[in-house]
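Before any comments, here is the structure.
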Amino acid sequence: MEKLLYITANPKGLEKSKGLQIGEAFLESFINERPDVEIKRMDLFQLDFVQMDADLVFARGKLAGYGYTLDQLSETERKKILKMHALADEFIGFDYYVFVSPLWNLNSPAVLKAFLDNLFIAGKTFTHTPNGPKGLLSGKKAIHIQTRGGQYTGSPVQELESGDRYLKIALNFLGIDVMNSVIAEGLDLYPQKVPEIVAAAKEKARLAAKEITGISQPVLQ
């Protein structure tokens with residue numbers, strides 16, 4: 001059975017978050033097309049996972065470059081590196097990934113970057129080759145649903161947006177096929193147009209859900 005991991009990075013909850021509402025439209029459409037796929041929800045603001053601190057940095061370095069074994073790590077280092085690998089192993093077990101996050105201060109919430117840090121494990125999610133690093137998660141698909149208060153697409157500040165751009169770079173690095181993102185922007189600039197903006201994004205999300213299953217043509221940005 002194929003599996004989809006639905007990852008959210010918004011603490012506001014479904015009732016107040018436009019992004020989560022758009023994400024639900026995606027899920028409803030996806031379930032309608034692929035009721036056979038198992039779906040797991042993962043709220044990063046509720047998830048207990050390790051972050052890159054001194055213990056984890058030293059543990060990774062010892063294992064990767066200095067020939068240490070797990071038994072030679074300190075107890076704290078060993079617990080953290082094992083927890084990191086467990087999260088990466090869980091992530092690898094899915095076929096589809098949906099990331100739902102807002103744009104905060106030009107980037108995604110910090111919790112999303114911290115989560116992604118757990119996935120960069122040489123020999124597990126990518127490998128080093130004579131031609132550079134190569135992702136090992138080929139055959140999997142991902143999509144990002146993002147809300148923005150400002151207007152970035154086609155504007156002078158377009159290049160300042162780093163959240164959607166970094167997520168795509170990270171997932172592509174791991175070998176994942178990343179679809180066109182579903183973006184709802186201008187939510188703070190045009191409050192009177194919010195219902196219209198959200199409705200349009202929901203429709204794009206529904207179409208993207210069909211696309212990710214291979215049922216329809218690509219969704220235009």
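Whether any residue in the range 191-198 is in contact with a helix residue (DSSP H, G or I) (Cβ under 6 Å, 6 or more places away or on another chain), in a helix (DSSP H, G or I), open to solvent by 20 Å² or more (accessible area, probe 1.4 Å) and more than 30 Å from ALA122 (Cα to Cα) is what I want to check. The answer is no; no qualifying residue exists.
Can you tell me which residue within the range 175-188, out of those that are small (Gly, Ala, Ser) and closer than 15 Å to VAL100 by Cα, is surrounded by the most Cβ atoms within 10 Å (Cβ to Cβ)? Across the range 175-188, the extreme among qualifying residues is ALA184.
Beta carbons closer than 6 Å, at least 6 apart along the sequence or on distinct chains, pair a first residue in the range 160-189 that is free of Cβ contacts under 8 Å to residues at least 40 places away in the same chain with a second that is of a type in the set (A, V, I, L, M) for LYS168/VAL178; ASN172/VAL178; VAL178/ALA142; VAL178/LEU171. Number of residues in the range 28-56 that are over 22 Å from LYS12 (Cβ atoms), free of Cβ contacts under 8 Å to residues at least 40 places away in the same chain, aliphatic (A, V, I, L, M) and surrounded by 14 or more Cβ atoms within 10 Å (Cβ to Cβ) equals 2. Is it the case that some residue within the range 113-130 is in contact with a Phe, Trp or Tyr (Cβ under 8 Å, 6 or more places away or on another chain), open to solvent by less than 80 Å² (accessible area, probe 1.4 Å), farther than 22 Å from ASN10 by Cα and not β-branched (Val, Ile, Thr)? Yes, because at least one residue in the range 113-130 is in contact with a Phe, Trp or Tyr (Cβ under 8 Å, 6 or more places away or on another chain), open to solvent by less than 80 Å² (accessible area, probe 1.4 Å), farther than 22 Å from ASN10 by Cα and not β-branched (Val, Ile, Thr). Residue count for the range 22-42, restricted to those that are more than 18 Å from ASP164 (Cα to Cα) and either in a strand (DSSP E or B) or not charged (D, E, K, R) (or both): 13. Return yes when LYS124 is assigned to a loop (DSSP other than H, G, I, E, B) and not small (Gly, Ala, Ser) and no when it is not. So LYS124 passes the test. Give just the number: which of (1) assigned to a loop (DSSP other than H, G, I, E, B); (2) out of contact with any helix residue (DSSP H, G or I) (no Cβ under 7 Å at 6 or more places or on another chain); (3) not small (Gly, Ala, Ser) does LEU14 not satisfy? Failed condition: (2). The residues of the range 26-84 that are closer than 30 Å to ALA205 by Cβ and of a type in the set (A, V, I, L, M), listed by number, are LEU27, ILE31, VAL37, ILE39, MET42, LEU44, LEU47.
Cβ-Cβ contacts under 6 Å between residues 6 or more apart (or on different chains), taken from a first residue in the range 5-18 that is more than 19 Å from GLY93 (Cβ to Cβ) to a second residue that is among the small types (Gly, Ala, Ser) and surrounded by 14 or more Cβ atoms within 10 Å (Cβ to Cβ), are listed as ALA9/SER101; ASN10/SER17; ASN10/GLY19. Taking the range 131-153 as the range and being more than 28 Å from ALA209 (Cβ to Cβ), among the basic types (Lys, Arg) and open to solvent by less than 60 Å² (accessible area, probe 1.4 Å) as the test, no residue passes. Evaluate the range 154-174: report whether one residue or more is buried (at least 20 other Cβ atoms within 10 Å of the Cβ), modelled with pLDDT of 95 or more and in a loop (DSSP other than H, G, I, E, B). The answer is yes; a qualifying residue exists. Scanning the range 71-97 for residues that are open to solvent by 60 Å² or more (accessible area, probe 1.4 Å) and touching a residue at least 24 places away in the same chain (Cβ under 8 Å) gives LYS83, ASP89. Would you confirm whether any residue within the range 46-54 is part of a helix (DSSP H, G or I), out of contact with any Ser or Thr (no Cβ under 7 Å at 6 or more places or on another chain) and either at pLDDT 95 or above or closer than 20 Å to GLU90 by Cα (or both)? Checked against the condition, which is being part of a helix (DSSP H, G or I), out of contact with any Ser or Thr (no Cβ under 7 Å at 6 or more places or on another chain) and either at pLDDT 95 or above or closer than 20 Å to GLU90 by Cα (or both), the range 46-54 yields at least one hit.
The values are calculated or read from the model by the stated rules, or taken from the named source; none is laboratory data. On a predicted model such as this, the values are computed, not experimentally measured, just so you know. Don't worry about glycine lacking a Cβ; one is built from the backbone with ideal geometry, like all the others, and counts go over all protein chains shown. With ligands, DNA and RNA removed, areas are computed over all heavy atoms of the protein, side chains included. Shrake-Rupley method; radii C 1.70, N 1.55, O 1.52, S 1.80 Å.
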